[in-house]
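Asks: Starting off with a structure, shown below.
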Amino acid sequence: MDPVLEDFLSDPAADLSALHDVSRIKAMLEQCARESRAISYSELLLNLGFRFTRPKMRAICKTLDKIDQLAATEGAPALAVLVVRESDQLPGQGWWTGRTDYRGQWTGPAAQAHVAQLQKAVFAYWAKR
């Protein structure tokens with residue numbers, strides 16, 4: 001069996017449409033923002049009923065892009081910055097490659113400071129909602 005397909009089928013009871021459910025995932029991220037906390041990719045996937053796999057993480061990343069596009073049209077700050085790796089509490093590579101407001105390394109103190117600044121703005125926005 002194809003390893004990618006096997007990863008998706010490894011959660012036979014899971015509803016794969018949850019990976020693309022913009023409203024559901026956006027609501028989860030808005031709740032995290034109200035709580036002033038980030039969420040790991042693993043925790044986000046677990047809340048949707050999945051164990052962490054790279055293919056599922058990539059599917060979530062596409063949904064996060066849609067959520068950020070929607071937030072922009074609503075005049076709200078982007079929420080994808082709240083989804084981070086457990087290892088260093090920073091967003092993954094896909095998030096960084098789409099940045100136009102940052103040109104440094106994707107790890108280390110400068111990256112952490114940039115992410116902290118963006119997260120602070122998200123937390124402030126959602127604290128008022």
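Asks: Being out of contact with any Cys (no Cβ under 9 Å at 6 or more places or on another chain), surrounded by 13 or more Cβ atoms within 10 Å (Cβ to Cβ) and over 17 Å from Ile67 (Cα atoms): is that true of Leu118 here?
Replies: no
Asks: Report yes if some residue within the range 57-68 is surrounded by fewer than 18 Cβ atoms within 10 Å (Cβ to Cβ), within 13 Å of Lys26 (Cβ to Cβ) and without any contact (Cβ under 8 Å) to a residue 40 or more places away in the chain; otherwise report no.
Replies: Checked the range 57-68: at least one residue is surrounded by fewer than 18 Cβ atoms within 10 Å (Cβ to Cβ), within 13 Å of Lys26 (Cβ to Cβ) and without any contact (Cβ under 8 Å) to a residue 40 or more places away in the chain.
Asks: If you don't mind, another one. Enumerate the pairs (first residue in the range 113-124 and under 12 Å from Ala78 (Cα atoms); second residue anywhere and surrounded by 12 or more Cβ atoms within 10 Å (Cβ to Cβ) and polar (S, T, N, Q)) with beta-carbon separation below 6 Å, excluding pairs fewer than 6 apart on the same chain, so at least 6 apart or on different chains.
Replies: Every condition considered, the pairs that remain are Phe123/Ser36.
Asks: Please determine whether any residue of the range 41-55 is under 18 Å from His20 (Cβ atoms), acidic (Asp, Glu) and at pLDDT 95 or above.
Replies: Within the range 41-55 (the criterion being under 18 Å from His20 (Cβ atoms), acidic (Asp, Glu) and at pLDDT 95 or above), the answer is no, since none of the residues qualifies.
Asks: Sticking with this one: Can you name the helices (runs of 4 or more DSSP H) wholly within the range 30-126 that have at least 3 residues being of a type in the set (Gly, Ala, Ser) and at negative phi?
Replies: In the range 30-126, the matching helices (runs of 4 or more DSSP H) lie at 54-74.
Asks: Out of curiosity, is Lys120 under 19 Å from Arg37 (Cα atoms) and modelled with pLDDT under 95?
Replies: In short, no.
Asks: Just to be sure I understand the filter: pairs with C-beta atoms under 7 Å, separated by 6 or more residues or on different chains, first member in the range 10-26 and within 16 Å of Pro55 (Cα to Cα) and part of a helix (DSSP H, G or I), second member polar (S, T, N, Q) and at pLDDT 95 or above. Which pairs pass?
Replies: From residues that are within 16 Å of Pro55 (Cα to Cα) and part of a helix (DSSP H, G or I), the pairs are Leu19/Thr63; His20/Thr63.
The values are calculated or read from the model by the stated rules, or taken from the named source; none is laboratory data. The structure displayed is predicted, hence computed values, not measured ones. Positions of Cβ are backbone-derived with ideal geometry, glycine not excepted, and every protein chain shown enters the neighbour counts.
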